[in-house]
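Presented below is the structure to which this report refers.
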Amino acid sequence: VQLQASGGGLVQPGGSLRLSCAASGSIFSSNAIGWYRQVPGKQRELVASITRRSITYSVDSVKGRFTISRDNAKNTVYLQMNSLKPEDTAVYYCNAYPPQHNYWGQGTQVTVSS
């Protein structure tokens, strides 16, 4: 596995979590990185992305709540998630952006529930 997501867990609505994506140096330095999420029965969707020059993008449903960032020294991309809602419950994955089939890891479960 060349990209490993971690940091998920159970949190109450309104709470926060920070996800981490550790990538191999070659992937990190050569690609934009994206955070994706998937709920059972639905397609995996892009949540946010960040280019090698730290230009960011996030989908409308998380704008103002989620922040993507990268630490080039650590080959790590973060997703800071604030004001979490039950509809944010999903398995979160990181991958290159656009995603590469052979880069998918196991993901990390985020559950937002009271």
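The values are calculated or read from the model by the stated rules, or taken from the named source; none is laboratory data. Computed from a prediction, not measured in an experiment: that's the story for all the values here. With ideal geometry, Cβ positions are generated from the backbone for all residues, glycine too; neighbour counts draw on all protein chains shown. For accessibility, only protein heavy atoms count, side chains too; no ligands or nucleic acids. Shrake-Rupley method; radii C 1.70, N 1.55, O 1.52, S 1.80 Å.
Being touching a residue at least 60 places away in the same chain (Cβ under 8 Å) and over 13 Å from residue 90 (Cβ atoms): is that true of residue 4 here? Yes, satisfied. Farther than 18 Å from residue 7 by Cβ, over 10 Å from the mean Cα position of the chain (by Cα) and not in a strand (DSSP E or B): does that describe residue 29? So residue 29 passes the test.
Residue-wise test of (1) within 18 Å of residue 110 (Cα to Cα); (2) crowded, with 19+ Cβ neighbours inside 10 Å.
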position	(1), (2)
4	yes, no
14	yes, no
18	yes, no
23	no, yes
28	no, yes
34	yes, yes
42	yes, no
56	no, no
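Among residues of segment 10-35 that are under 16 Å from residue 48 (Cα atoms), those with a Cβ under 6 angstrom from a residue that is in a loop (DSSP other than H, G, I, E, B) and not polar (S, T, N, Q), sequence gap 6+ or separate chain, pair up as 18/7; 19/7; 20/7.
Scanning segment 44-54 for residues that are open to solvent by 60 Å² or more (accessible area, probe 1.4 Å), over 19 Å from residue 110 (Cα atoms) and part of a strand (DSSP E or B) returns no hits.
For residues in segment 89-103 being within 27 Å of residue 10 (Cβ to Cβ) and of a type in the set (A, V, I, L, M, F, W, C), which is nearest to the chain's Cα centre (by Cα)? Step by step, filter segment 89-103, then rank; the result is 94. Within segment 70-99, residues that are in contact (Cβ under 8 Å) with a residue 40 or more places away in the chain sit with their Cβ atoms under 6 Å from residues that are part of a helix (DSSP H, G or I) and buried (at least 19 other Cβ atoms within 10 Å of the Cβ), at 6+ positions apart or across chains, in these pairs: 75/28.
Can you pull out the residues in segment 62-105 that are in a loop (DSSP other than H, G, I, E, B), open to solvent by 30 Å² or more (accessible area, probe 1.4 Å) and more than 20 Å from residue 26 (Cα to Cα)? Selection gives 63, 64, 82, 83, 85, 89.
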